[in-house]
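Shown next, in C-alpha cells, is the structure this report addresses.
All of the numbers you see were taken from the coordinates with simple rules; none came from a lab. Keep in mind that this is a model prediction, so the values were computed, not measured. Cβ atoms come from the backbone with ideal geometry, glycine included; neighbour counts cover every protein chain shown.
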C-alpha cells in the first residue's frame, strides 16, 4: 500500500484505527456501531452498522456497509478490529472480497479455541491455566468464559455460568499484563507492556476498565515474556498487530488469551510520528519494523460506561483528553460505552488515578446536561 490509499476499517468501534490510519497517510473508510464525532472526523467516509450492539457484528449489515464504502472509494484492503473473535467465518468472507490486513479466519479460529491454543502453548513451553469444557465441581476458583469473547464482560465466576457456549479456566495468582506486539508470520517485535483493570458492573465483574503503560516488570520477567511472544507468534503464524494477555506472578506467568487483531491498548502506544496502523500493514506484508521507542510519561486510557439510560446525549465541549465522542442526541443504554478518557503522568499509578477522576467528571457533565460550555475552563 502507498500513502494516500483508501483502506476499509471494520470494528465495533473504529475510531482509534481511523486516527492511526490518518496519521500514517491513509484514507480510512470506517464501518462501526457508533459513528462517534471524532471517528467521522478522522474517516474519509463512514457507514454506521445496523442492529443492537449486544448482538455484535452481523453479516448482512456488515457487507452492506462495506460494499457501500468500497463502491465510493475503491479501497486497497481492509483492517478488522474488535468484533470478529467469535465469528471468524466473517473474516473468511471478507478475505474473499478484499485484501485482509490481519490474521485470517483459520488463525483466529485456532488461537481463540482454548484446546488448540493450549496445545500450541504446550509445544512452545508457555504455561496456561487449566481449562475444561464441563463446569468443574467444585466450581470455586474457576472462571467461565465465552468462546471468542472479548472485553471481559463475558467472564463470570464459574458458579454463575448459565450459558452452554463457554469454557472454564482455573484462576491463577498474579497481576494482569498485556503485551502488544507486531508479527510477520514467523517472528515478532514487542511494542510494550501494559497493566489492565476492570470496571465491574452488575453481572459483569470482569468488564474491561482500562490500561496503562509501561507496566512495572522486572527486566528478567520482561525478557521471558518477549521470548514467549516470539515462540508463540511463530507457532501460530500470527501477522500484524496482536496482543496477548498474561497473568504474571514474579517470574512465573500464564497466557490467558491472544487477541489476534489491533486491540484496546492502541491509544496508549500510538505516538507521533509513529502510526501503528502503518506498522500493522507493513508487518502483514512481511516487513517487520523495529519497535518504536516510547519515552516520556506513563499513559493511561479508560472506558467510561453509561450508568443510566441516556435518551438524548447532550452537546458537550469535549476536552482533548477524551475520545469516542457520541453524536449529540444519540441514545445510549446503561452499561454501554460512553467515551474514552486519557491521562499522562509520572507513573502508571497517577495516570490511572487521573483517568478515574476524568471518568467521574464526564459522568457528572452528562448527568447535569452540561451543554452550554460553562465547564470549559475545567476541561483543560
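Want the number for residue 133 to residue 159: 0.36 nm per residue separation, take away the alpha-carbon distance, what's left?
Details: separation 26, 0.36 × 26 = 9.36 nm, distance 1.40 nm.
Taking residue 133 through residue 159 to full extension adds about 8.0 nm, to one decimal.
Using only the Cα atoms of segment 230-380, construct the convex hull and provide its projected area averaged over every direction, in square nanometres to one decimal.
Working: hull surface 46.5 nm².
That works out to 11.6 nm², a quarter of the Cα hull's surface.
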Hydrodynamic radius of segment 212-255 per Kirkwood, over alpha carbon pairs, in Å: 11.4 Å
task: Report, in whole Å, the centroid distance computed from the Cα atoms of segment 222-244 and segment 159-211.
output: 16 Å
Spin-label model distance (nm) - residue 307 vs residue 349, 7 Å beyond Cα toward Cβ: 2.6 nm
field: Dimensions (Å) - segment 298-378, Cα atoms, principal axes, largest first
entry: 38, 28, 17
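Computed over the Cα atoms of segment 6-101, what is the ratio Rg over Rh, Rh following Kirkwood?
Values: Rg = 11.9 Å, Rh = 12.9 Å.
Reported Rg/Rh (Cα atoms, Kirkwood Rh): 0.92.
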- request: Before rounding to the nearest 500, sum -39500 (n - 2.57) across all DSSP H runs of length at least 4 in the chain and divide by the residue total; then give [θ] at 222 nm in deg cm²/dmol.
  value: -8500 deg cm²/dmol
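When N is the residue count of segment 108-284, what does its C-alpha Rg come to as a fraction of 2.2 N^0.38 Å?
Details: Rg = 15.9 Å, N = 177, 2.2 N^0.38 = 15.7 Å.
Output field value: 1.01.
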field: Extension gain, residue 220 back to residue 170 (0.36 nm per residue minus Cα-Cα distance, nm)
entry: 15.4 nm
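So between residue 68 and residue 89, what do we pick up on full extension, going 0.36 nm a residue minus the alpha carbon distance? Walk me through the numbers on the way to the answer.
Details: separation 21, 0.36 × 21 = 7.56 nm, distance 2.07 nm.
That pair, residue 68 and residue 89, stretches by 5.5 nm at full extension.
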message: Using only the alpha carbons of segment 155-217, what is the convex hull's orientation-averaged projected area in square nanometres?
response: 6.4 nm²
query: Using the Kirkwood radius built from alpha carbon pairs, what does the Stokes-Einstein equation give as D for segment 188-313 at 20 °C and 1.002 mPa s, in µm² per second?
result: 132 µm²/s
task: Provide the convex hull volume over Cα atoms per residue for segment 61-106, in Å³.
output: 72 Å³
message: At 7 Å along Cα-to-Cβ for each site, give me the label-to-label distance between residue 54 and residue 329 in nm.
response: 2.6 nm
query: From a point 7 Å beyond the Cα of residue 249 in the direction of its Cβ, which residues of segment 155-176 have a backbone N at a distance under 16 Å?
result: 169-176
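Taking the inverse of the average 1/r across all pairs of different Cα atoms in the chain, what Kirkwood radius in Å do you get? Walk me through the numbers before you get to the answer.
Working: mean 1/r = 0.0471 Å⁻¹.
That comes to 21.3 Å for the chain.
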